[in-house]
1. Starting from the stretch 112-132, keep only residues that are part of a helix (DSSP H, G or I), then list their pairs with residues that are open to solvent by 40 Å² or more (accessible area, probe 1.4 Å) and not hydroxyl-bearing (Ser, Thr, Tyr) whose Cβ atoms are within a distance under 7 Å, requiring at least 6 positions of separation or different chains.
2. Filter the stretch 54-75 down to the residues that are in a helix (DSSP H, G or I), over 18 Å from PRO378 (Cβ atoms) and small (Gly, Ala, Ser) and list them by number.
3. Would you check if PRO147 is at pLDDT below 95, part of a loop (DSSP other than H, G, I, E, B) and open to solvent by less than 40 Å² (accessible area, probe 1.4 Å)?
4. Of all residues in the stretch 262-296, which are in contact with a strand residue (DSSP E or B) (Cβ under 7 Å, 6 or more places away or on another chain) and either of a type in the set (Lys, Arg) or surrounded by fewer than 21 Cβ atoms within 10 Å (Cβ to Cβ) (or both)?
5. When only residues in the stretch 350-366 that are open to solvent by 40 Å² or more (accessible area, probe 1.4 Å) and among the aliphatic types (A, V, I, L, M) count, which is nearest to the chain's Cα centre (by Cα)?
6. Restricting attention to the stretch 303-324, does a residue exist that is open to solvent by 10 Å² or more (accessible area, probe 1.4 Å), among the small types (Gly, Ala, Ser) and touching a strand residue (DSSP E or B) at 6+ places or on another chain (Cβ under 9 Å)?
7. From PHE395, PHE383, PHE347, grab the single residue that is farther than 29 Å from VAL292 by Cα, among the hydrophobic types (A, V, I, L, M, F, W, C), open to solvent by less than 40 Å² (accessible area, probe 1.4 Å) and in contact (Cβ under 8 Å) with a residue 12 or more places away in the chain.
8. Within the group GLN215, GLN211, which residue is under 16 Å from the mean Cα position of the chain (by Cα) and surrounded by fewer than 21 Cβ atoms within 10 Å (Cβ to Cβ)?
Amino acid sequence: MSQQTLTTAAALTCDSARTLLNRGQALVAVGAGLLLAAVALLGPGATGLALTAAASVLYVLVISFKVLLSRGGDRSRVMRFSAGELPPYEELPVYTVLVPLHREGRVLSGLLDRLAALDYPTDRRQILLLIEEDDEETRRALPAELPQGFETVLIPPSHPRTKPKACNVGLTHARGEFCVIYDAEDQPEPRQLRKAVAAFRSSPRWMVCVQAELQYWNPWTNWLTRCFAAEYAQNFGQFLHGLDRFRLPIPLGGTSNHFRTDALRDLGAWDPYNVTEDADLGMRIARRGWSVRMMESVTLEEANCRLGNWLRQRSRWIKGYCQTWLVHMRSPAQLWRDLGPRGFAAFHLTMGFSTLTTLLNPIFWAMTVLYFVAGSDPIAGLFPGPVLYIAALSFVAGNLLLMHGYMAGCLERGLHAAVRTMLFVPLYWALMSVAAYKAVWQLLRPSRRHFWELTEHGLVKSH
């Protein structure tokens, strides 16, 4: 499969994020905006009340979904393999490891050591270092002679300059029956490749991807890394397990997702214009009727400890979630048929509505502050009895339940000292809202729509 084929295949499979809205979506957006404006002019009070009630119901649905899935994640169903259940070395196939790199000179040496330590025969381990042609920093950091099984693949400096484009180029060089992505700061469990082979060999062909768990090795750097580690503990330790248990679409993590290579090519690989190509690919797998499973194997990553770096990464994630939601909603009826009612609802609650609530949070927080400062009169028209009760329930009970989920994730991961930090996690959610508005602003600007904001690694000395 050629590079050009892989670059455009996503558009043939399920459309691409190259275009923000298709013609139908643009017409619906304009029509809905005009209708809302007309209704607001005719009855501003009733319109405000309806929007407030709808937002309150939306909060209840999103929070209930997250809590139920997190509590319903049965870890006994996760794919796990003991050392005795792993396939022997002589039965292992060729395995391709894709490692997209950009300006990673400071962490490259440690990365090569960690990948060389993978418990897999070197003659059947193809590790492709995907480096931009004009990335002098990373190229200078390469050793004169790479270890056995390592190869360098140069990525042409063409638009879009994204991780998925690099991975698509790397996939054209892949020889492995299976393949996996690792990021520059990753520390995968040495036996993870062998566990993935065992998972694929023990599953039907329609199980095309296994996702390993992601954890952070530096949760104690500062307050931000504690919150980030707790979020990952809740997401990878609870929520994704719930999606797995109920066979709902799983938005993949950006690393440590293992694929059947032929299935990945059949899907059209990654959309090079989507900045959360992993989440999009998880949805396309589900739409094909195939399956993603969670696997008990951990990859350690470096948690962002600097606010600016964290905001760049988080705004990219949110921008990509918006892209993914818009792409798959270009034909809602077809999406319903592909995913079924349960999958359709889970897609919206995971990808679209969660982002919307992040954008709405500052508005409701401002209303809460206004209520305590000026009393109920300024907002009384927006919160009559039933709406007030729903909003108060979602605000108080919802925040407490989500905080409890983060605390439970900390306890499960052994991050006991971080539990008390979760009392202040609403401040972390406020930062998410800042990132969300930045993401929307970039999404509306064609020059920034597909811009990949680089996450700087190596800020903390590895343990």
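1. Note: pairs meeting the criteria are LEU112/PRO147; ALA116/PRO147; THR122/GLN148; ARG124/VAL94.
2. Of everything in the stretch 54-75, those that are in a helix (DSSP H, G or I), over 18 Å from PRO378 (Cβ atoms) and small (Gly, Ala, Ser) turn out to be ALA54, SER64, SER70.
3. no
4. ALA263, TRP290, SER291, ARG293, GLU296
5. LEU356
6. So far as the stretch 303-324 goes, no, none of its residues is open to solvent by 10 Å² or more (accessible area, probe 1.4 Å), among the small types (Gly, Ala, Ser) and touching a strand residue (DSSP E or B) at 6+ places or on another chain (Cβ under 9 Å).
7. Being farther than 29 Å from VAL292 by Cα, among the hydrophobic types (A, V, I, L, M, F, W, C), open to solvent by less than 40 Å² (accessible area, probe 1.4 Å) and in contact (Cβ under 8 Å) with a residue 12 or more places away in the chain holds for just one of PHE395, PHE383, PHE347, which is PHE383.
8. GLN215 is the lone residue from the list that is under 16 Å from the mean Cα position of the chain (by Cα) and surrounded by fewer than 21 Cβ atoms within 10 Å (Cβ to Cβ).
The values are calculated or read from the model by the stated rules, or taken from the named source; none is laboratory data. Only a predicted model underlies this, so the values are computations on that prediction, with no experimental measurement involved. Neighbour counts are summed over all protein chains in view; Cβ atoms, including those assigned to glycine, are modelled from backbone coordinates with ideal geometry. Ligands, DNA and RNA are stripped out before the accessible areas are found, and what is left, the full protein with its side chains, is counted by its heavy atoms. Shrake-Rupley method; radii C 1.70, N 1.55, O 1.52, S 1.80 Å.
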